[in-house]
Structures are given as C-alpha cells and as structure tokens.
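Structure first, commentary second.
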Amino acid sequence: MTSAFTVFVLVLVAGLAWGLNAPVSKLLYAAGAGQLFDGVSLAVVRGFWSIPVFAVAAILCRPRGRAIPRLDILRFIWLGVLFGPGLTGFWAVAAQWTSAAHVALISGLTPPATALLESIVRRRPLSVMRWMAIGLGVAGVAVLALTRSASGSSLRGDALMLAWVVDYACFALSTRALAGRYPSAFISVMSTGIGAVTVAVVGVAIGAGRAIPHPFASPGVALGFFGEMVIGLGLVGPIANVAAIRRSNATIATTGALYASVILGLFAAVILVHERLGVGAILAGVLLCASLVTTFVPAQTAAGEGADESEAVNVRA
C-alpha cells in the first residue's frame, strides 16, 4: 500500500474505534433488559477489564534505559485522573443520558475548545479563524440543545458532554507537556492505564464493582464490551492514530480521525441504535464540521501560531 492510502486506512480505523463508543454503550445499557450496566458501572467495568491490557502494553512500549523523573510521574498520574474519571466517566454517563448522535456531534467540539483553553493558559490571543471555529462550534451545540434534534437526547446529557469537552482540552494540553520527552504510544498507554486503575479502584470502593462479571452475561454483550470498550478504545484506536501520525503528522491524522469518528458515530447511531435524526441534528452537524475545518486552517498571523493551535492530542476516550 502507498503511504497516503495507509494513512487513510489508519485514520478510518481510529475513527471507527472512537465513533462506535457511544452507540455500543447504548446497546450495552439496553442489554439484559437494562439491568446490566448504567453509566457509572460501565466506566468502572471498562476500567477493571482494561488493566491487564494496559499493563502488558506499558511493559512493551516503556522507554528503555532511562528512569522517569518524579515530576513526570506526577504528570502521568494527573493525566490518568483526567482520562479515567473525566474522559471515561463523563462519556459513559453522557451516553446513558443523551443520544449517541449528540455524543458524536458534541465530541467534534474538542479542537476549538482546546485552542481556546491554550490561548487562555499561554495568554496568547486567538486568530480570527480560531474565533470563527469557536463560534461555529457553539452555534452547533446550541442547535442540538435547543431542538432536541435526535431521539433519546436530553439537555443534561448534552451538558455532561460539554464537561467532557473541557476535560479533553485539559487532557490535551497536559499531554503536550510530556510529548517531547516520551513516545506517543507510551504516553497513551500510561495515561489510559492509570485512568483505568483509578476508575476501577474508586468504583469498587463506592460499590459500583458489582457489574464486573456482567460482560459475560451473553456472547453479544461480551463481543460489544471487550471488542469495543476494551480492545477498540484501549488499543486499536490509539495504536492506529499513533501509526497514522508517524506516517503523516498530528494535525492530518487526528483531524481525519475526528471527522471519521463523528460521521461513523452518526451512522452507527442510526443503524445500530435506530436513532432518528431531525433537521436540527443535521444543521448542527454541518456547523460542527465547519468548526472543525476552520480550527485546522493555518492561521495567517504570527509564524507558527497555526501549528501550535491545531496540534492535536493522539489519545481519545
């Protein structure tokens, strides 16, 4: 395969792994007459069964011949907290409370949100294009919230997805503090692995561990849970994204995966979960896609601004 075609395939694989998250979560919530999982227990069970996978992956991709400084260990723990209770927990509960289509669409707001947070942290003004991206994204989310434009959507679920977007922006900026010193695969495995341990330990402590055996309730539940929640999100998506970045660059690879995850997530919501999309959902999708496009248009201001603002993180929930 040519390099361009390889990147295209990898981007689609990453987008499919991420885009199936909300629809498969919906199917798991409905399994067993709705008695197997809720948002909290699904996040806890996913964390528990992901620990062995991430333990092996961490051993395989750890940096050889070097020690990790204490400050970087604390940074990895911080990433784990942002990823586990934040990205994993917020997403799982939001997918329970609102439609899979809304989850997929609102997740497309992450690039402009990350650019805005970065401008605040670095005290650097945003370009006109970045403000346009933020405005389009806000308009898209407003359309979703005001129109209830997909079956099963709710305002509180949409609000929780917005909290997820903020958490993702914090996660992205925190990841960049380590990106220059460690391989992308190691950062991905460490952050998601620590997040899995955190969610599992806290979940068991608060009594949410009763659902740990539930993935074995039926072959279909086991396939959906282990295939998507553990393998797809934990390994296939991140590995495909990292491989695409190495063959192109972070902006191209992650922009493509974001597009793919939103589009494939919408298709999966309609096909797998049988959600109905209204005119509002379609309009919101257009606005959010326009926001995503505008985010990654190089800024015509100070040299290097566009590259910094469009730099994307290669780890998703």
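The values are calculated or read from the model by the stated rules, or taken from the named source; none is laboratory data. All values reported here derive from a predicted model rather than from experimental measurement. Cβ sites come from the backbone with ideal geometry, for glycine too, and all protein chains shown count toward neighbours.
Using beta carbons and a limit of 8 Å, which pairs, at least six apart or on different chains, have the first residue in region 196-225 and in a helix (DSSP H, G or I) and the second one surrounded by 12 or more Cβ atoms within 10 Å (Cβ to Cβ) and charged (D, E, K, R)?
Correct list of pairs: A196/R46; V199/R46; F225/R46.
Would you point out which residue out of R176, R124 is modelled with pLDDT under 80, within 19 Å of G86 (Cβ to Cβ) and not aromatic (F, W, Y)?
Numbers: R124 fails: within 19 Å of G86 (Cβ to Cβ).
Result: R176 is the single residue among R176, R124 that is modelled with pLDDT under 80, within 19 Å of G86 (Cβ to Cβ) and not aromatic (F, W, Y).
Determine whether D158 is among the acidic types (D, E), touching a residue at least 60 places away in the same chain (Cβ under 8 Å) and in contact with a Phe, Trp or Tyr (Cβ under 7 Å, 6 or more places away or on another chain).
Numbers: among the acidic types (D, E): yes; touching a residue at least 60 places away in the same chain (Cβ under 8 Å): yes; in contact with a Phe, Trp or Tyr (Cβ under 7 Å, 6 or more places away or on another chain): no.
Criteria not met by D158.
Cβ-Cβ under 9 Å, sequence separation 6+ or interchain: first residue in region 114-129 and in contact (Cβ under 8 Å) with a residue 24 or more places away in the chain, partner surrounded by 17 or more Cβ atoms within 10 Å (Cβ to Cβ) and polar (S, T, N, Q). Which pairs?
T114/T295; A115/T295; A115/S310; L126/S119; M129/T294; M129/T295
Of these, G108, G195, which one is touching a Cys at 6+ places or on another chain (Cβ under 9 Å) and crowded, with 19+ Cβ neighbours inside 10 Å? Let's see the steps before the verdict.
Values: G195 fails: touching a Cys at 6+ places or on another chain (Cβ under 9 Å).
Result: G108 is the single residue among G108, G195 that is touching a Cys at 6+ places or on another chain (Cβ under 9 Å) and crowded, with 19+ Cβ neighbours inside 10 Å.
Quick one: count up the residues across region 174-192 that are of a type outside the set (D, E, K, R) and surrounded by fewer than 17 Cβ atoms within 10 Å (Cβ to Cβ).
Looking only at region 174-192, we keep the residues that are of a type outside the set (D, E, K, R), and these are 174-175, 177-180, 182-192.
Still in the list and also surrounded by fewer than 17 Cβ atoms within 10 Å (Cβ to Cβ): 177, 179-180, 183.
The total comes to 4.
State which residue is nearest to the chain's Cα centre (by Cα) when the search covers only region 198-219 and only residues that are more than 18 Å from G80 (Cα to Cα) and of a type in the set (V, I, T).
My answer is I212.
When you check V103 against the structure, is it surrounded by 22 or more Cβ atoms within 10 Å (Cβ to Cβ) and at pLDDT 80 or above, yes or no? Please lay out each step first, then the result.
Values: surrounded by 22 or more Cβ atoms within 10 Å (Cβ to Cβ): yes; at pLDDT 80 or above: yes.
Yes; evaluated as a whole, the condition is true for this residue.
For region 247-267, check the following and say yes or no: at least one residue is at pLDDT 80 or above, among the charged types (D, E, K, R) and touching a helix residue (DSSP H, G or I) at 6+ places or on another chain (Cβ under 7 Å). Give the derivation first.
Step one: of region 247-267, the residues at pLDDT 80 or above are 260-267.
With among the charged types (D, E, K, R) added as a condition, the list becomes none.
Within region 247-267 (the criterion being at pLDDT 80 or above, among the charged types (D, E, K, R) and touching a helix residue (DSSP H, G or I) at 6+ places or on another chain (Cβ under 7 Å)), the answer is no, since none of the residues qualifies.
Based on what the data block shows, is R316 modelled with pLDDT under 80 and not in a helix (DSSP H, G or I)? Step through it out loud before you land on a result.
On the way: modelled with pLDDT under 80: yes; not in a helix (DSSP H, G or I): yes.
Taking the combined requirement at face value, the residue satisfies it.
Conditions tested, residue by residue: (1) under 30 Å from A281 (Cα atoms); (2) in a helix (DSSP H, G or I); (3) in contact with a Leu (Cβ under 9 Å, 6 or more places away or on another chain).
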| residue | (1), (2), (3) |
| --- | --- |
| F37 | yes, no, yes |
| R46 | yes, yes, yes |
| A55 | no, yes, no |
| G65 | no, no, no |
| L74 | no, yes, no |
| W78 | no, yes, no |
| Q96 | yes, yes, yes |
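Determine whether region 149-158 contains at least one residue that is under 19 Å from P112 (Cβ atoms) and in a helix (DSSP H, G or I). Break it down stepwise before answering.
Our first condition is that a residue be under 19 Å from P112 (Cβ atoms); within region 149-158, this holds for 158.
From the residues that got through so far, the ones that are in a helix (DSSP H, G or I) too are 158.
Checked against the condition, which is being under 19 Å from P112 (Cβ atoms) and in a helix (DSSP H, G or I), region 149-158 yields at least one hit.
Within region 124-133, can one find any residue that is within 22 Å of the chain's Cα centre (by Cα), part of a helix (DSSP H, G or I) and not charged (D, E, K, R)?
First, the residues of region 124-133 that are within 22 Å of the chain's Cα centre (by Cα): 130, 133.
From what's left, part of a helix (DSSP H, G or I): 130, 133.
Still in the list and also not charged (D, E, K, R): 133.
For region 124-133, residues within 22 Å of the chain's Cα centre (by Cα), part of a helix (DSSP H, G or I) and not charged (D, E, K, R): present.
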